[in-house]
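Colleague: Below is the structure I would like to discuss, written out as structure tokens.
The values are calculated or read from the model by the stated rules, or taken from the named source; none is laboratory data. Bear in mind that the values here come from a model prediction, so they are computed numbers and not experimental data. Neighbour counts run over all protein chains shown; Cβ positions are idealised from the backbone, glycine included.
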Amino acid sequence: MESTPVTPKSRKAKAQQSKRPAATRLTEQDWIDGALALLQRDGVGAIRIPQLCAELGVTKGSFYWHFSDVDQLLEAIADHWCGIQNDAVRGLTAVESLPVGERLEVMAEGLINEPTWLVESTIREWARTDQKVADAVRDLDLRIFGVLQKAMLELGFSPTEARTRAGTLVFAGIGFVHSRRSMPTPTSAELREMFDLLTRR
């Protein structure tokens, strides 16, 4: 049986073969989501065009269809994250309408939600070098502090006690985020005990 000679594929044929079908081409949001995943895993320094393209299985041409450079992508990520933070701030308004006991239960659930700690740690580290992200983080911290302080006042604590206890809970949450690699991870029961201790009269 004669073998069919194999001829090198033309550049055009290779390009056509490598193209994704239109239905699966990456959108701008796909790039943002992919970069966020990389950010959470390896930090902001890992967001480089070659690495991100390799992660998503596409060529650089696909990246440049949406962004002029990596700085523009980082700006888009910052805008996206700030939008998420703003949604979280607005969500606290709904929490404030709950009876104080339920309100504190919701806040406690947020404190003991370990899967969010990695995201928080990464974003707070990024905030050191991006003012927009830093502003969003600060706004959410202050909003959480305000909700907790109001709850403490409703529980009957004095203004000074309410401020101290609310601040302690906020600082504890930030501390859990930053010490997760160097300190034993607190259990849900331990975190709840700490929360109960600070809200108990």
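Colleague: In region 53-82, what count of residues is obtained for those that are at pLDDT 85 or above and closer than 27 Å to ASP135 by Cα?
Modeller: 15
Colleague: In addition: Quick one: would you say LEU197 is on the phi < 0 side of the Ramachandran plot and without any contact (Cβ under 8 Å) to a residue 40 or more places away in the chain?
Modeller: Here the answer is yes, as LEU197 does meet what is asked.
Colleague: For residues in region 30-57 being in contact (Cβ under 8 Å) with a residue 40 or more places away in the chain and part of a helix (DSSP H, G or I), which is nearest to LEU118 (Cα to Cα)?
Modeller: Among those that are in contact (Cβ under 8 Å) with a residue 40 or more places away in the chain and part of a helix (DSSP H, G or I), it is GLN40.
Colleague: Which helices (runs of 4 or more DSSP H) sit wholly inside region 84-201 and have at least 3 residues that are over 24 Å from the mean Cα position of the chain (by Cα)?
Modeller: 100-111, 131-154, 159-178, 188-199
Colleague: Still on this structure: For region 104-150: of the residues being touching a Leu at 6+ places or on another chain (Cβ under 9 Å), within 18 Å of ALA162 (Cα to Cα) and modelled with pLDDT of 85 or more, which is surrounded by the most Cβ atoms within 10 Å (Cβ to Cβ)?
Modeller: Among residues in region 104-150 that are touching a Leu at 6+ places or on another chain (Cβ under 9 Å), within 18 Å of ALA162 (Cα to Cα) and modelled with pLDDT of 85 or more, the one surrounded by the most Cβ atoms within 10 Å (Cβ to Cβ) is LEU148.
Colleague: May I pose another question? Can you find, within region 88-103, the residue that is modelled with the highest pLDDT among those that are over 26 Å from ARG201 (Cβ atoms) and surrounded by 11 or more Cβ atoms within 10 Å (Cβ to Cβ)?
Modeller: Filtering first and then ranking leaves GLY91.
Colleague: For region 167-194, which positions are of a type in the set (Gly, Ala, Ser) and either under 26 Å from GLY83 (Cβ atoms) or in contact (Cβ under 8 Å) with a residue 40 or more places away in the chain (or both)?
Modeller: Scanning region 167-194 gives ALA172, GLY173, SER188.
Colleague: I need the full set of residues from region 65-83 which are charged (D, E, K, R) and part of a helix (DSSP H, G or I), in order please.
Modeller: Residues satisfying the conditions are ASP71, GLU75, ASP79.
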